[in-house]
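The values are calculated or read from the model by the stated rules, or taken from the named source; none is laboratory data. Note that the coordinates shown come from a computational prediction; the quantities given were computed from them, not determined experimentally. Heads up, the Cβs are rebuilt from the backbone with ideal geometry, glycines too, and the neighbour counts pull from every protein chain shown. Surface areas here come from the heavy atoms of the whole protein model, side chains and all, with no ligands, DNA or RNA. Shrake-Rupley method; radii C 1.70, N 1.55, O 1.52, S 1.80 Å.
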Amino acid sequence: MTTAKRIVISSDHADIELRKSIAKHAAGMGFDVTDIGPMTSESTHYPKHGEAAANVVAAGDADLGILLCGTGQGIMMAANKVKGIRCGVCSDTFSARMIREHNDANMLSIGARVIGDALAIEIVEAFLNAEFEGGRHATRVDMIKDIEA
Ligand code: RB5
């Protein structure tokens, strides 16, 4: 079980209902979830939501973040522009676990128009239940941090 406790979640307009379901599920798992919206399905722009959630994680106000857009790709790209963020798009549970265990990802992105809701929930569970393994993986994550610096 992860030591992470605080989660921030955001999306664009692609599927705010799935985002709310994920937020509720994560809360049911015992996480302290902050949903920063948007709260309506009005068309919006994924970069600003990816950046906003990433800033919460980068500031240390959340341990992990979850993002959704249509493909999961655009909002992931935006989040990864924020210093200290390592965000991956996942459409399977193995990758969701591995980006925590090996890459120390602090954000997960999901393509709401790519996968079904039930799989999305399982992916979130896999991500939230996993923990960074450190060791040789820390060396490699440090290399990523060096590129960023
Ligand atoms: C919005 O139509 C769509 O482009 C967005 O949700 C996302 O898929 C971008 O990467």
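For every residue, the table says whether it meets (1) open to solvent by less than 30 Å² (accessible area, probe 1.4 Å); (2) polar (S, T, N, Q); (3) at pLDDT 95 or above.
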position	(1), (2), (3)
109	yes, yes, yes
112	yes, no, yes
115	yes, no, yes
125	no, no, yes
148	no, no, yes
*Members of the range 1-24 found to be farther than 15 Å from residue 116 by Cα and either touching a helix residue (DSSP H, G or I) at 6+ places or on another chain (Cβ under 7 Å) or touching a residue at least 60 places away in the same chain (Cβ under 8 Å) (or both), listed by number*: 1, 2, 3, 4, 7, 8, 9, 10, 11, 12
*Does the range 1-49 hold any residues that are within 16 Å of the ligand (Cβ to nearest atom) and in a strand (DSSP E or B), and which are they?*
9, 10, 11
*Positions within the range 16-55 being closer than 11 Å to residue 79 by Cα and surrounded by 21 or more Cβ atoms within 10 Å (Cβ to Cβ), in sequence order*: 46, 49, 50, 53, 54
*Go through (1) over 20 Å from residue 12 (Cβ atoms); (2) part of a loop (DSSP other than H, G, I, E, B); (3) touching a strand residue (DSSP E or B) at 6+ places or on another chain (Cβ under 8 Å); (4) of a type outside the set (Ser, Thr, Tyr) and name the single condition residue 84 misses.*
(3)
*Can you find a residue in the range 4-15 that is modelled with pLDDT under 95, surrounded by fewer than 23 Cβ atoms within 10 Å (Cβ to Cβ), under 14 Å from residue 127 (Cα atoms) and small (Gly, Ala, Ser)?*
yes
